[in-house]
Structure formats: C-alpha cells, structure tokens
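So the structure is just underneath, and the comments pick up after that.
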Amino acid sequence: MMRPLFVLPLAGFALLLLLFAAGLYTQLSGSRQPDQLPSMLVGQLPPDRPLPGLNAEPPRRLLDASRGDWLLVNFFASWCAPCRAEAPALASLSEKMTIIGIAYKDKPLDTQKFLNQFGNPYRRIGVDLDGKAGLDWAIYGVPESFLLAPDGRVVLRHAGPVDRALLEDIEARLETGR
Amino acid sequence: MIAELGHFALIAAFVLAIAQALVPLLGASQREAGLIAARLMTVGRWLALLSAGLVLAAFAALVISFIRSDFSLALVAAHSHSAKPLIYKISGSWGNHEGSLLLWCVILALFGAIMARERRPEQPLPAHLLPAHLLQARLLQARAIAVQGMIQAAFLAFSLFTSNPFLRLAAPPLEGRGLNPVLQDPGLALHPPMLYLGYVGLSASFAFAVAGLIGGRIDRAWAAAMRPYVTLAWAALTCGIALGSWWAYYELGWGGWWFWDPVENASLMPWLAATALLHSVRVAEQREQLKSWTVLLAILGFSLSLLGTFIVRSGLLTSVHSFASDPARGLFILLLLGLAIGLPLLLFAWRGPQLAARADFPPLSREGALILNNILLVSASVIVLVGTFYPLALELVSGARITVGPPYFAASFNPVMALLVAAMGIGPLLVWRGGWRPRAGLTLLLAGGLALIGTGFFLLSNLLPGLQIGHKISPAGLAGIALMLWLGGSILADIGLRWRAGSWPKGRARRALSGMWLAHFGMVVFLAGALGEGLFGSEKIARLTPGDTVQLAGRLWQFDQVVQTNGPNWTARTARLSVQADPAGPARQMRPQIRFYPASQQSTTEAAIHSSVSGDDYAVLGEGSEERGYILRLYRKPLVGWIWFGSLLMALGGLLALSGRQKLPEAG
C-alpha cells in the first residue's frame, strides 16, 4: 500500500537526520574543523576585476600595487556572523602582512558600520555589491580567504573564518618564503 | 527542601507521563471490552491532568529557588545574582537551557491537560452503548492524549537525565554568577514563554494527526477537533516571533528587526508550516479534502519546532543567539528527533495513501486558492530550510564554514512571499466548490486601481526631481508597495461592498469572516512597516564632540555630553542627546547607554528609541572619548512599529476567527 509520494517526507527527513548525525559526530569527535579547500585558482594568477571603493571611489584593480609581497585577499560582509568571529585574527595578521578586503554583497554604509565596530584590518577595500568578484574567485560564501605569493599566484584557499591553524600556516610561509 | 520537592515532582511527572502514553492507547485498542476500555480512557485523562499538575509544581519550585537566590542549586548559582531585580530573577529561571526546557515541559503538559478536559458529561458507558460519533470523538481524544504523553515523557527524560535543573552544589558560593546581561530585559521575560506556547502548541495538532493515523479515521470531526489547537499555537507563535524581533531591535542595538539568523529561521519555518496548516485544516473541515496533506502538515509543523530547538540547543550552527548550547545534549535531541519525527512519518507513509480523496473542485475555487496558499507557504519554508542547513551540509562536505545571509533570502524568499500576497488579494473572493463571490470583479478592479495609482505616485517621484521624497525606490520596492496596496485595497473594497449591499453574515460566521479580514489586514500593516523601514529609512554614523549637531531625515540631533550613571547591578556611560522634529517644536531627550555588568564582566548597548505612529528615532552610543568625540549611530525608521503591530493584528485575527468557528452537527 506504500506509495512513493507518501514515503517522500520520510526519506527527506532521514537525509536531514543523517546530516545532523554526521555534523554532531564530527563535532564531538573533534575531526570537523575549518579546513583549506582545493581551488582551481591555486597556482594561477587570480582575477583582478576593478572594484569601486567604500567611499564611492572609481573602480580600480586591488592587487596590482602589491605585487612582490605576500597578500591575503579576504571576502567578508557585515551580515555574516563568522566574519565577526575572525576579526581579531585578521587584526593580528594585519600587523605582519597586507590584507585586502572585498565586501561581498554588502552596502558600503553597512560595511563601514561593521568596520567601525570590529576594526579595519584591510589595506584596501573593494566593494563587490553585485557579487561579480565573488563569482570570479568562485567563493562558497563568506568569509573566505586566499593567500597570494609574492609572484601574485594563489597559494591556498581557506573557506570560513581565519583560525589559529591558518595563522600558523601563514606565519610559517612568511618566514620560509615558500 | 523546595528544590528536592521539585525534583521529586519532576520524577513523578515522568513516571505518570509514561503511563499516560500507554493506558489510554490500551483502552482505545480494545473497544470490544466495553466498560474496561472506557475506564482505561478515563484513567488516561486523569493521568494527563495529574502529570500536568506535577510538572507545574516542579516549575514553581524552580522559580521559588531563583526568587530566594538559593545558590546551593548549581543552576541558580550559574545564572542568578542576589542584586538582580526581582522580575529578572524570575525570568532568569527560564533564561538558561535547563530552565527553558522545564518551561517547555510545563507547556507540553498544559496542552495535554487541555486535551484531557472532557467536553461531554462523563459517563463510563460501554462502547456499544455510545452513539457512533461520540465513540469516535472519545477514541480520538484517548489516542491524542497518549501521543501527547509520549512527547511529554521524552522531554521529561531529556530534562531529568541530561539537563536536570535541581542539581545541588557541594560547596555553595556566596554570590551567583549573574545572568547574561543581554537577557536582563522585560522583552525577554515574555518572549520565550510566548514562543514556546507556539512551538509546543503545535505538539497538540501533531498528537491529533498521529492519533488520526493510528485510528485510521481522518474526517471532518477530526479536523474540527484539531483546529482550535492549530489556531492557538499559530497565534502564540506569531506573537512570540514578533516579540523576539522587537527585542532584537531595541536590545541588540543593531538597528534591524530581522537578520535571517539560524535561530530566527528556526522559528520562521514552523510558523510558515503552521500558517499553511491553519488554511488546509479549513479545507479538511469544510469539504473533507486535502486530508492526507493536512496530516502531513501537522506532523511537519511540530517537527520543524523540534528542529528549531535542536538548532538552538546543540550549537550546530553559528548563530548570534548562542546563549546556551552544548553538543553533547545534541545527541539526545537527535535521538528524540529521530523517534518523534521518524515514526509518525513512517506511519504516514503506511496509512497516508488510504486517506487520499479525489479532488472534486475546479482550480478557481476557495479550495484551489488554499492549495496555492499551501504550495507557496511550504515552498517558502523549504527555502528557509535550505538556507539554514546548506552551510552545515557544506561544512561537512568541504569543511568550509560560511553563511549564505540576506542576499540568498532576498532573492528567493521574497518573490515567493510576493506571490502569496498577490494571491491573498484574490483567494477570499472565491467560494467553495468553484466560482466567484458576488461583486468580486468590482473588488479586484478597485484593488488594482489603488495599487496602480499608489505605485504610479512613487514611480513619478522617482522620475521627477520636483516631486522627490528623498528616496529613490528600487523596482523590487515598487513591487512591494504595489502588492501592499493591492491586498489592502482588496480587503477594504470587499468590506465596503458587502456593507453597501447589506450582505453581512450573522452570528458566528460574522466573527469568522472578520477574523480572516483582521489577520489579512495585519499582513498589510506588517508590509507597510517593513517597506517603510526598508525603503524610506535613513541612518548616519557620526563622530560627535559635545555641542555638535547633525541633520538626519529633516530632524536636528544635538549631542550634549556623556555622563556616568549607575543601575542596580550595572554602571553605564550615558549619552545626553536631543532630537527636534521641526525647528519650532520641542526637543526630545534621548539617552543611549553602554552598560557594564561587573558580576559577569560583560557590557551591553542600550539603544535610545522614541517611537511614534509615524516611525522611530533610534540612537546608539559607540566608543569614543571627550577629546576625540564619540561614535554615534543615528537612525530614522519610518513606520517601523507597524511591523509588530501588524503581527499582533494577525494573531488577534486568528483568535477572532477561532471564536467564530461553527459547531459541527451532532450526528457527524
């Protein structure tokens, strides 16, 4: 008497439950931690779409001026809760290297408010109101960061807030230069 | 001593709840046994009442322990402080995980008790002597009480075994560690009980749905029995969400009223499902159609409430509401979720197909409109579900932690809701079994005219600089205004034309109709508030030194100074500001604060808000000093209060419609 349509809710729920169980299991066992992601961009020169500034400055390329240094490109937004969490980590990192911020789908006034509240670690900020730059870089969401080597190529990609592991990784790379 | 009594009452309630889950079911399953079956069902009712009394006693014991600042209780020591005002000592008893879970159990038990009250004179008649419809009503009641008992036993077990509020400390501290200062607020004394009334109220319709599936009998009487609980839970949920949104607006000081945060979404999903249920149960009651769908919605409504709790309690998702979370408890909830949702869905997969009836109405009918309503509401619910859990799924697959945020919801949720509002202007003009109400064409013409003229005005003001109202409105904003006017126009024209034609319904039917109008008009008021705030709001962040003035939306703000002030358990920096709406008028004093709570070493921002019908002036004090100036965030939020007033109208409309529901004929 079972009909597929009537089993559908049960199947959907089973899937959701599986998702929760996996989430909880990995959380309890400590194996789930923000990690570095594979990216098509690794080893490539990243896209450098000209973006307007926070105070409506005309669009310009953000990466050109910093060729020759290690760079962290950080996608963020004021509406994103994990971005608040990574603010202290970015602040400490900004003393050691240049960080470039891209405000993803966020109104400049909101971004400004966010920076006033949580601090501004960015050397330069591009406004990506329509998310085109996000598409160029193929981000999953915000926050997401890309580490660029002095030759301008992407070395690694990190989705989620900048954490201690990433900080240590970046510091090691700054020291060894690789 | 009091705590031990409470602990004992909780254990006794747990044992009784297990009995409540079994005894009436046993009675209902042996209807041949006649007198014994009737007695068992009666015992089941008394078990429900007694267990409710015991849970209530346990909760009272906890509240008394908080009032008396009994720091030998671990919970009181961790969440209270002797210097706290009395009202926050009381609300502190549910401002934490263990206490709020106990509150959840209290409301669950109260709904069990409401179900258990007998409507007809109690006579333990043998089954074969009862008229058929009375017997069916009694069997349904017994099964629903049993299902409610199962849920209650599960939650009491959760409370007793993983989150016991009555545990003592070996070495009691002299002073408590306070309560999260953000939670010391009158809005929060009301918000959780109201929200829980909604969440848990959905357990009653869930119990009726499962009871109906167990008995294999879903008919008009079933829908009629379930409907009051659906309406009550829906109204409470509406108020609870509105209160939470209002609290976030004035207490968190972010200047917004909805953030698409996982915890907010967790309350929105059951609300959307309950709204769909509220409408589909009408079809089941009136026309005996959509029965299996109504059963499914009733199961989903409570399931989504449970999911909501799961999200808040387990700390699975990153949220701004992380007041109390612990992954270890999540495992228990996961188990509970699996049983409480999985088993009914299994039952539904097995029994549901028998309920399917052939649709006997054309698409352009009241039934058709309500189906459209259901499709849209459930789609919206799925959109919120996906937006809430996609980050979790992605994190598991790739390890990335992200949020999708408002851009996702603005692009997906809003269009679905826009369609819903458009349909709301048409649906009530259709009649059961197909066709239009008299004068429906004229009503639509008037509504369309109003929408066109109103939107045209704003479009013109966009184009002509002379007519500027200070804000350029986006196409999406114009569509929102058009839809709001369309819905409002349709309701008002319908009322007006009925009045002119003298075709008011009488008695209960009038209350039912007015309730529907009121609830739908609440949506118009809500939209007016949301659009006013979203499209015409202004804000400014300024660094001000004493004596500075700022212009915002035609208002003159003047900053005088920042002074130190003291409260009962906090110290604060308070800004003295004044705002003047017109140069000749009086200046209004505004006092935004940053409060510091020494007991918990936390600080909160207290926004200064002046509300009126036309909108709010809103000021938040930020960091700064006398020399460098202080950062101040100033807002003008037109019509923002209408958001919550509209929500209240919706809830009141639901209750009014409930009071006007028709009694089914006795020989059902």
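Rule-based calculations on the coordinates, nothing more; no lab input. Predicted model only: the values in this text are computed from it and were never measured. Heads up, the Cβs are rebuilt from the backbone with ideal geometry, glycines too, and the neighbour counts pull from every protein chain shown.
3J(HN,Hα) couplings calculated from phi for the stretch B:568-574 with the Karplus curve 6.51 cos²θ - 1.76 cosθ + 1.60 (θ = phi - 60°) are, in sequence order, x, 9, 8, 10, 8, 9, 10 Hz; Gly and Pro show x. Full extension of the chain between residue B:83 and residue B:474 yields a length gain of 135.7 nm, computed as 0.36 nm times the residue separation minus the alpha carbon distance. Cβ-to-Cβ counts within 10 Å put B:409, B:59 in ascending order as B:409, B:59, the fewest first.
On a full-extension model of 0.36 nm per residue, what is the gain between residue B:452 and residue B:564, subtracting their alpha-carbon distance, rounded to one decimal in nm?
Values: separation 112, 0.36 × 112 = 40.32 nm, distance 5.38 nm.
Using 0.36 nm per residue and subtracting the Cα-Cα distance, I get 34.9 nm.
As a proxy for reagent exposure, B:105, B:239 were ordered by neighbouring Cβ count within 10 angstrom, fewest first; the result is B:239, B:105. Less than 5 angstrom separates the built amide H of residue A:60 from those of A:51, all sequence-distant by 5 or more or on a different chain.
Taking the three principal axes of the alpha carbon atoms in the stretch A:38-94, the coordinate ranges are 33, 29, 22 Å, sorted in descending order. Once you list every other residue whose beta carbon is under 12 Å from the beta carbon of residue B:568, what net charge do they have if Lys and Arg are +1 and Asp and Glu are -1? Neighbour charge sum, excluding residue B:568 itself: +3. Classify the stretch B:338-490 as rounded, prolate or oblate, taking a ≥ b ≥ c as the square roots of the eigenvalues of its Cα gyration tensor: rounded when a/c is under 1.5, otherwise prolate if a/b is larger than b/c and oblate if not. The shape class here is oblate. Per residue, the average separation of C-alpha pairs within less than 8 Å and at least 6 apart gives the stretch B:592-638 a relative contact order of 30 percent. In this structure, residue B:432 and residue B:132 have a Cβ-Cβ separation that, at R0 = 41 Å, corresponds to a calculated FRET efficiency of about 0.95. When the Cα atoms of the stretch B:538-642 are aligned to their principal axes, the ranges along those axes come out at 42, 35, 22 Å in descending order. Put a dot 7 Å past the Cα of residue B:174, heading toward its Cβ, do the same for residue B:541, and the two dots end up 4.4 nm apart. Which net charge results for the neighbourhood of residue B:214, defined as the other residues with beta-carbon distances under 10 angstrom from its beta-carbon, given Lys and Arg at +1 and Asp and Glu at -1? Summing Lys and Arg as +1 and Asp and Glu as -1 gives +3.
For residue B:172, neighbours were defined as the other residues whose beta-carbon sits under 13 Å from its Cβ, and their charges (Lys and Arg +1, Asp and Glu -1) total +1. If each DSSP helix of 4+ residues adds -39,500 (n - 2.57) and the sum is divided by the residues in chain B, what number results at 222 nm, nearest 500 deg cm²/dmol? After summing the helix terms and dividing by residue count, I get -22000 deg cm²/dmol. A simple spin-label model places pseudo-atoms 7 Å from Cα toward Cβ; at residue B:39 and residue B:4 they are separated by 3.7 nm. For chain B, rounded, prolate or oblate, judged on the Cα gyration tensor with a ≥ b ≥ c (square roots of eigenvalues), a/c < 1.5 rounded, else prolate if a/b > b/c? Oblate shape, in that a/c is at least 1.5 and b/c is the bigger or equal ratio.
At a Cβ-Cβ separation cutoff of 4.7 angstrom, cysteine residues of the protein assembly as shown with no neighbouring cysteine are B:105, B:239. Classify the protein assembly as shown as rounded, prolate or oblate, taking a ≥ b ≥ c as the square roots of the eigenvalues of its Cα gyration tensor: rounded when a/c is under 1.5, otherwise prolate if a/b is larger than b/c and oblate if not. Cα axes put the protein assembly as shown in the prolate bin.
Each residue of the stretch A:46-60 was assigned a 3J(HN,Hα) from its phi angle through the Karplus expression (A = 6.51, B = -1.76, C = 1.60, θ = phi - 60°), giving x, x, 10, 5, x, 10, x, x, 5, 9, 6, 5, x, x, 8 Hz with x at Gly and Pro. Averaged over the residues of B:349-356, the number of partner chain Cβ atoms lying within 10 Å of the residue Cβ comes to 5. Residues in the stretch B:552-563 carry Karplus couplings, in order, of 8, 6, x, 10, 9, 9, 10, 9, 8, 6, 10, 10 Hz; the curve used is 6.51 cos²θ - 1.76 cosθ + 1.60 with θ = phi - 60°, and Gly or Pro positions show x. The modelled label-to-label distance for the pair residue B:613/residue B:72, using points 7 Å beyond Cα in the direction of Cβ, is 5.8 nm.
Kindly put B:524, B:404 in sequence by how many other C-beta atoms sit within 10 Å of each C-beta, fewest to most.
B:404, B:524
Counts of other chain beta carbons within 10 angstrom of each beta carbon in peptide A:7-15 average 6. If you plug the beta carbon distance of residue A:69 and residue B:410 into 1/(1 + (r/R0)^6) with R0 = 30 Å, you get a FRET efficiency near 0.20. For the stretch B:538-642, what does the relative contact order come out to in percent, with C-alpha contacts under 8 Å and a separation of six or more? Worked out over the stretch B:538-642, it gives 26 percent.
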